[in-house]
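Undergrad: Just passing along the structure, written as structure tokens.
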Amino acid sequence: MKRTVFFIVALFLSLGIVAQDKKYHGDGPDDVLQYVPFASLFVLKATGVESASSWKRLAVNAAASYVFTAGTAYVLKHTIHETRPDGTDHRSFPSAHSAIAFAGAHALHKEYGHVSPWISVAGYGVAAFTAVDRVCRNRHHWYDVAVGAALGIGATELGYWLGDKITGEHSQYQISMTPTALSMRIAF
């Protein structure tokens, strides 16, 4: 299973390297696909598929993962100033599209990998396609998407660690949500 996923990701990334010399082709499906794994977390839960987490834990872990991923990518993009292959700006490194897609795919794997390995394969497949599309459309270098993928997976691990500290069984924190408010209580 792990070899199959690795082979698919390696194949997609190698295709992107070959197509990297093409001109900019405008915005593409990756603008939507980057969010598909995160959206799938909640769609599967809402349709009754058994996840590893309760609704509250899933929401906190997914939110923490997304915030860490997007925040880190944003800070790096505005600090490093790597020029895009198409020359449009200096925000190439790392690929935030890839980071967000892989963060969602890794969260999908953590929540539903026990149900079926194909859910994990689908999530990582969408993330890999997003990364390859960014390279093929000349928006990123191959190393931008590779670092973005690693960033997304690492940020998801960090998000789940923090989320479990907040919502875990022996947590000192209590979160409650109502239609009009979100509150957090810390027990000492």
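The values are calculated or read from the model by the stated rules, or taken from the named source; none is laboratory data. Computed from a prediction, not measured in an experiment: that's the story for all the values here. Surface accessibility is based on the protein's heavy atoms, side chains included, excluding ligands, DNA and RNA. Shrake-Rupley method; radii C 1.70, N 1.55, O 1.52, S 1.80 Å.
Undergrad: So, in region 138-151, of the ones that are outside any helix (DSSP H, G or I) and either open to solvent by less than 20 Å² (accessible area, probe 1.4 Å) or among the aromatic types (Phe, Trp, Tyr) (or both), which residue ends up farthest from VAL49 (Cα to Cα)?
TA: For region 138-151, the residue satisfying everything is ASN138.
Conditions tested, residue by residue: (1) in a helix (DSSP H, G or I); (2) open to solvent by less than 30 Å² (accessible area, probe 1.4 Å); (3) not charged (D, E, K, R).
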{"residue": "PHE93", "(1), (2), (3)": "no, no, yes"}
{"residue": "PHE102", "(1), (2), (3)": "yes, yes, yes"}
{"residue": "ALA105", "(1), (2), (3)": "yes, yes, yes"}
{"residue": "LYS110", "(1), (2), (3)": "yes, no, no"}
{"residue": "ALA122", "(1), (2), (3)": "yes, no, yes"}
{"residue": "GLY125", "(1), (2), (3)": "yes, yes, yes"}
{"residue": "ASP133", "(1), (2), (3)": "yes, yes, no"}
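Undergrad: Output the number of residues of region 159-172 satisfying the condition of being open to solvent by 80 Å² or more (accessible area, probe 1.4 Å) and either hydroxyl-bearing (Ser, Thr, Tyr) or at pLDDT 75 or above (or both).
TA: Residues in region 159-172 being open to solvent by 80 Å² or more (accessible area, probe 1.4 Å) and either hydroxyl-bearing (Ser, Thr, Tyr) or at pLDDT 75 or above (or both): 2 in total.
Undergrad: Within region 36-54, can one find any residue that is modelled with pLDDT of 90 or more and under 22 Å from CYS136 (Cα atoms)?
TA: Yes, region 36-54 contains a residue that is modelled with pLDDT of 90 or more and under 22 Å from CYS136 (Cα atoms).
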